[in-house]
Structure formats: structure tokens, C-alpha cells
Amino acid sequence: MPITRENIKTSPKYRQISHLLRRAGFGATPGEMDRYMGMDYSEVVDELLNVSGTSTMPDDVIFRMFPEYHASLGVDACANWAYRMVSTDSPLEEKIALFWHGIFATGNDKLNNPLVLLNQIDTFRRNGMGKFDDILLDLSRDPAMLIWLDNQTNHKDSINENYGREILELFSMGVGNYTEEDIKECARAFTGWSVKNAEYMALMGQKDSIWPYSRISWHYEYRQDDHDYSEKTFLGETGKFDGADIIEIICRQESTARFISRHLYNFFVEDEVQVPSWQEVPPKNPEAISTLMDAYFEHGHDLNKVLKVLFESDFFKESEYKKVKGPAEMVINVLRLSGGFEEPSLSMIQAVDEAGFMGQLLFYPPSVEGWHTGQEWITSGSVLDRVNFSSARLTDLSSPGIRDIVNRVRDRCGTDTRPDYVIQVFLELLGIIEVSDMTSDLLLEVCGGENSVIDTTIGSFDVMASNLLRVIGSSKEFHLV
Amino acid sequence: MKTKYLKTIGIKTNQPVGRGFLFPYDVTFDSSGVIYALNRGRISQGLGTRIQIFDYDEEWYGEFGEGSGTGPLNFLIPVATAFNSKDELFVSDEGSGEIKVFSQKGIPLYQVGGESARGSCELMGPSGIAFDADDNLYVTERSASRLTKIDRDGNVIYRVGDPGSLPLQFNMPWGVATDVAGCVYVADWRNDRIQKLDPDGNFIKIFGKSGTEQGHFNRPSSVAVDGRGNMYVTDWGNERVQVLDPEGNFLQILEGQATLSKWAEQWLTVNPDEYSARRSSNLSVLDLPDHLQSPYQVGSQTEHLFWGPVSAKIDDHERLYITEHSRARIQVFDISDNGL
């Protein structure tokens, strides 16, 4: 019997919650699913959205082993964040930080100061599911962003439009919804929004200077005497606006609601065309975007409420496997499944490097536009890296998470040793992967064919499990979410 | 009681050879007062790990060792250093489970713990190390949460402790020191306290508890004891050093007051653009937003304050050396009577 989505004997509730945790997190381990299955779907949504008392691998334990993780190179900072993503019990908190990192893409290749990027990620954790006005305000005072877009050189008598342009084009409204004059007025409103010792800090960043005593972290400084207090006209409104006023006006715009809704849809629901095409290409699901926009205005721009609407919508629940896993998402998913990160490990650096080889080295976006997503994650080179990484990790039966999965499958099979059933249980525990006929044929072949009997003695079962997991990790379906 | 700041030693480097530090973790002194610094490097990449040799005046003498690998000069996760009375340098390594022993010139001599060790002693994450007057070696074992006393031949005299928070239990212990009476002080890292034991491993007293108040600790990583029995604790998580009297009463907090070292002055002199930008900056005065008020953030945002104070050591001239892994330098304080 071919293995199809229809004959995987999994309850609708299990499927929905598993889907939710793949999208709002990095996939659930079997142990986590045991806990979540004791809750209603909406209770799981609420728990994900209402973060409190997050438990992760403690920073002190990480820093004792790897002091370089907070003060050294960008890849060390990646590993620092990766530990949070792998070990957190509030996965949406990290997923939303990843979401904003893709949109408010800030790169260490210019800043050369990983600590300020980690602080920026922490800001996304803190406010990433809050009111969009607050998110933009914090972003506009974020020292990493200010130096990234040169706002320290945006002076009242000589404006630098860089931040003024990007906050409109890439962070809130999107191209086509404002004029060049609006950009200039916006930039004037953000004059004086700078960083303490900005000139020295920018120079150190530019020269990648670690001397004399390592990098110094940055904090926001408002330079009153460098702010343009005069009247400005922005999006048809006139006043002595400063940056906060500008943000308040931006967040009232319908174009902002649409822009954010499309981003949320693209990240959490279904792969869309890339942002530069949004002006010409309408959303795949205009009704869904309309629903999210309504929620944005109805709830006072509160993204927590918008996300609740999204996760409880039919369009979300019906969107299984409509997205390609991003590299970071894929790597973290595999690491969470494989477990073994109770203590810091030398292997985390290798894992974040792997995400880089697959096209997404965190803190190193290709441009201010962030990463292109969806099918653009897949190239001939990245496929090899993905397959090698996932297969190697999933077939390591010594890792506690994989060991647990294999043991669970063996226990659940009991006397039902038909290959199709064994395969179904494996797929379910790895996240109910929907597989094609071709993949199912391959999996059956690994098990000795449709009519064979699985040998459940431990040694033989482990060999079969390892081969099966290798094929699953190599399958197209494993790389969808 | 007041200590007196003397000077700062060091400068950051990202080079695998030459003077300068990359995550220094500890210093120790041979009988002539020469300083040996454990430069931990980026162990995740095995880069920059080595022992560096120099003196109080920052005269550079050389270096040895490297990261990764299993050779006699390789380190995986080195943590601490100590000299015995024969001027043999001991270097603990949590990663390999060994304590490697070198001559002053960096020639490998033998090792304690590990497969080819002298004596019979298995170590589980050897971390802090210190000698008593008879050259017995005390080792904290991070992974086993215990203290082990080892004789000169590498054999275990006793082990004490297991994971927990009761007296004589430890939670990932780190630094260790002895006093003139032979008593032992353990930085009981994740229990946020110092435990004092007698030479036979019997419990004497606990100093401190979790917190940020005077006399409280947040992950103390190291303790040094002067000739009067005063304790100098690197209160690592609070980014400060606390001085306690022999009874554990609070005496003083050191926050750090680094100045430019000789090496730093030399570097800035040949990089005038940075020296100029630096001179027109204010690296001391802070106006941090609420979310950046933690000791960690304050340390990261300032330059003269401690950031990552990991080790406290005292030399024969009653000078206290505080090694900061995140600032790649050593701040030195006078703790002699003149300095009080």
C-alpha cells in the first residue's frame, strides 16, 4: 500500500498542532508533542503567543565554555543565538526574532560588532510580537540599525536619507506608497538619532578594530543639538515631526498593514514571490491578507493579536508543506530533533556554518533587503549541503533525540511489523511528512519491500532505522514545512 | 581597607602568535615573578590557544602551545594555570580531562589525569587548580562537581563533593585557592558561593549567596587569598571583584579602572585615526536605556570597568591580578599594607 497523506493514521489534532509547531517554532520533538497533545489547539496558540519565563540553555553555562560567543566574531554570535533556538521552550519567541532578522536585516559584515546584533535580536524577542509602532520605534533607536544605515551621519544641516528611505521601503510601507519628498522629510525627522561615541564606534566597525581592549558595545544617543526641529510635511501631514511622530503616521497607513500582513503570510503560511515583486504581483491569497490587515487595525497594530488570528485561521491550518524550510529553520529543526545540547558543544559552530553553506548565515544577510526565501533557498549546491547535514544528523543513533525516536517507533510497532506502518510512525514522529509516491517507494525499498517483515531485534532495527532516516533526511519532503 | 589600582597589562589580538590576548583565562607566576598567561583563544575553532610569557613591565618573553589536537603541546578547553615549588607549570584542560605539566621554557614534562598520566587519577572536567605548601595539587572537577587532592606523584589523596547545594556539595565548581594555613577555598560557581575546607577536606564555612548585594555573588569564578586571609573573589556574573575579610565580611568592591597598557599605547600611537577618535569620545559616562542596565551590558558598554573578570591571582609583591577574558587584559592592584 503506498504511503500517502491520507493513510497516515494520525489524528487531525495531532496534525494541526504539529503543523503549528513547525511554523511557529522549529518543529516539535516527540516528547514535546506528548505535552502539547494534552492541550487544545487554541491553548497551544495562546502558550506560544504569551511568552513568560522562557527556559533556555543558561547564558552563563554557554559563556563559561565559550566566552567568545558574545564578544568575538559573527559566527560565534550565530552559535550563541542557535543555542537559544535549539534549547528554548518558547519557540515562537525565537521564530519571531528570526522573522524580523529577515526583514530588518542588519549585517555584521559592516558593523563588525556581534554583540550589538545579539542585542538587536534580544529586542526582537522582547517586542517582536508587540505593537508595530513600538517595534519600529525600538528599531529606530537600535544602535546596530543606526550604524548599519548610517544614521549617525544624518545631520540637521546635511541629511543622509538612508534610514529614512529604508524604513519606508523595506521596513513598513513598501515601494510605491510614498514620494521622494516623503523620504527626505522622514530623514529630517530622524536627524540626531545616533549612537554614543558614534564616530569612534563607526570607525572601529569600519576597520574591524578590536583594539585595544575588544569591541565596545553600543547604545542609542539622542543628539538634541543635531536634530532638525523645523516643520515637515510627510504623507500629506504637516507638523514639527520627530522620528516618533513619523512612525505613528506610518503605522496608520493601509499600505503598512498590507506590507506587514504579506510578510507574515510569506513567513508563516505560504511562500510568496519576493518583496521587490509585491508592487506588481498580487498576494496568492488576497482574502487572507485582508483578514490580517483587518486584525492589524482592529487590534491597534498589535501583532500578537494579528498572529493569533493567523494561527487560528483556516488558511493557516490548510497550509501544510507549502513552504520550503529556510536553512536556519532546517538546521535548528534537525538539532532539536537530534537533541544532545544540554551542555554547550564544539559542534554548534559547525551547525551554524552549515546553515551558511545552505545560504543563510545569520547576521550576514546578503543585503539590507534580507534573504530571498521560498524556492530561492534551493540551489544545486545548497541541496547537497542540506541532504548531507540532515542525513548525517538524523542517522546518528547515538544522539539522544534520534535514539528516542527510534525507540518510540520500535515500541509502537509492537507486533505490527509491516513496513508501511513502521514508515508511517517514523514520518509522524519527524513531523508527519507528506511524501510522494516516489519517496514512499524508496522508503519501502529500504525496508525490504512492501511485503517484508521488519526485524525488531535491536541491532537489525537500528540498521533499518538508520537507512530509513537517511532517505527521509534526503527526501524533498523533509525540506518542506 | 582600600586596594590601589596600579596598571593594566595587555591588549587584544586575533593573531595566533605574538603578544596580546584572545580570551585570557588565568595567569600565574614562576619563582622569579615572570607571568604566564593562559590565552584560551577561540576554542570552538582551536585558534589562538597558547601560554604567553611576560613580566609586570610588559616585557615579552615568548609563548608555547596551541589549540585542538591531542599532542603534548595541544589544549582543547584549557582553564587554569599554577606553578608548583619546582617551577613546573600545570595547565588544566576541561576538554581533554588532563592537567599538562611544562617546564618554564614550555617543554612538556608529564601530565596528571588522562590516559598517559603520572599516577592513577581520572579527572572529569579539571577546572581550577592550586597547590599547597607541600606541592599537593587541588583540582576542581566541573563535570563531577567535586574537589580532588592529588599528591606529587599524581595519586589521589582524597575526593570530596558531589552535585548539590549542601555544604561539601558543589555545582560546577571553578576556581580554587589555598591559604597560608593550608585551607582550601573553592569558587562554587553555580551555587554562587565560596566554600572553605580544611586541608583534610572537612567543611569549614560558606561565604556568600546568590545576589547582587555586597557579599552576594553571581557565578564566582575564582578566589585568591592573601597572607592575611582576605579573599578576592571574581564575581564573574556581576562583573566585579569583591574583597572579603577572613571571616567573610564584606570589605570592598572593585569595579575595574583600566587605563591604557604599554602595549595599548604603542598600538594606538601607530593608529592615529583611532587614537584621535578615541580621544574625542567619552568611554566612561553612560546613559543606558533600561534594557541595558545589567552588569553584563554595563561591562560591555564601558572600557575601564571589568567585563568578564575570570581570575584573581596574587604575586609575591602583594599585587592582585584580575584577568578579564572579554576585555583581553589584566588589571593589577596593590593589596600590600601600603595600598590599604
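The values are calculated or read from the model by the stated rules, or taken from the named source; none is laboratory data. Since the model is a prediction, treat every value here as computed from it, not as a measurement. Neighbour counts are summed over all protein chains in view; Cβ atoms, including those assigned to glycine, are modelled from backbone coordinates with ideal geometry. Side chains are part of the model used for accessible areas, which takes the heavy atoms of the whole protein and leaves out ligands, DNA and RNA. Shrake-Rupley method; radii C 1.70, N 1.55, O 1.52, S 1.80 Å.
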Report task. Would you tally the residues in the stretch A:318-369 being without any contact (Cβ under 8 Å) to a residue 40 or more places away in the chain, closer than 24 Å to residue A:399 by Cβ and open to solvent by 20 Å² or more (accessible area, probe 1.4 Å)? Result -> 6
Report summary line: Within the stretch B:165-180, the residues that are in contact (Cβ under 8 Å) with a residue 40 or more places away in the chain and either more than 14 Å from every other protein chain (Cβ to nearest Cβ) or among the β-branched types (Val, Ile, Thr) (or both) are B:176, B:177, B:178, B:179, B:180
Query raised in the report: Exactly one of (1) open to solvent by less than 50 Å² (accessible area, probe 1.4 Å); (2) closer than 16 Å to residue B:78 by Cα is unmet by residue B:146. Its number?
Result: (2)
Query raised in the report: Which number in (1) of a type outside the set (Lys, Arg); (2) over 19 Å from the mean Cα position of the chain (by Cα); (3) more than 11 Å from chain A (Cβ to nearest Cβ) marks the one condition that residue B:268 misses?
Result: (3)
Report summary line: The residue that is nearest to the chain's Cα centre (by Cα), considering only those in the stretch B:189-205 that are assigned to a strand (DSSP E or B) and free of Cβ contacts under 8 Å to residues at least 24 places away in the same chain, is B:196
Requested in this report: Among the residues of the stretch B:218-238, write down those that are open to solvent by less than 40 Å² (accessible area, probe 1.4 Å) and either closer than 13 Å to residue B:320 by Cβ or away from chain A (no Cβ under 12 Å) (or both).
Outcome: B:222, B:223, B:224, B:225, B:226, B:229, B:230, B:231, B:232, B:233, B:234, B:235
Report summary line: Checked the stretch A:34-63 for anything touching a residue at least 24 places away in the same chain (Cβ under 8 Å) and either within 14 Å of chain B (Cβ to nearest Cβ) or open to solvent by less than 30 Å² (accessible area, probe 1.4 Å) (or both); matches are A:41, A:44, A:45, A:48, A:49, A:57, A:61, A:62
Report summary line: Residues of the stretch B:316-331 being away from chain A (no Cβ under 14 Å) and within 13 Å of the chain's Cα centre (by Cα), in sequence order, are B:320, B:321
Report summary line: By residue number, the members of the stretch A:168-221 that are among the aromatic types (Phe, Trp, Tyr), open to solvent by 10 Å² or more (accessible area, probe 1.4 Å), more than 20 Å from residue A:260 (Cβ to Cβ) and more than 12 Å from every other protein chain (Cβ to nearest Cβ) are none
Query - Sole residue being aliphatic (A, V, I, L, M) and open to solvent by 10 Å² or more (accessible area, probe 1.4 Å), chosen from B:112, B:139, B:160 - result: B:160
Query raised in the report: Looking at the stretch A:64-100, which of the residues that are more than 14 Å from every other protein chain (Cβ to nearest Cβ) and not in a helix (DSSP H, G or I) is most open to solvent (accessible area, probe 1.4 Å)?
Result: A:89
Report summary line: Filter the stretch B:289-315 for residues that are more than 12 Å from chain A (Cβ to nearest Cβ) and of a type in the set (D, E, K, R); the one that is surrounded by the fewest Cβ atoms within 10 Å (Cβ to Cβ) is B:315
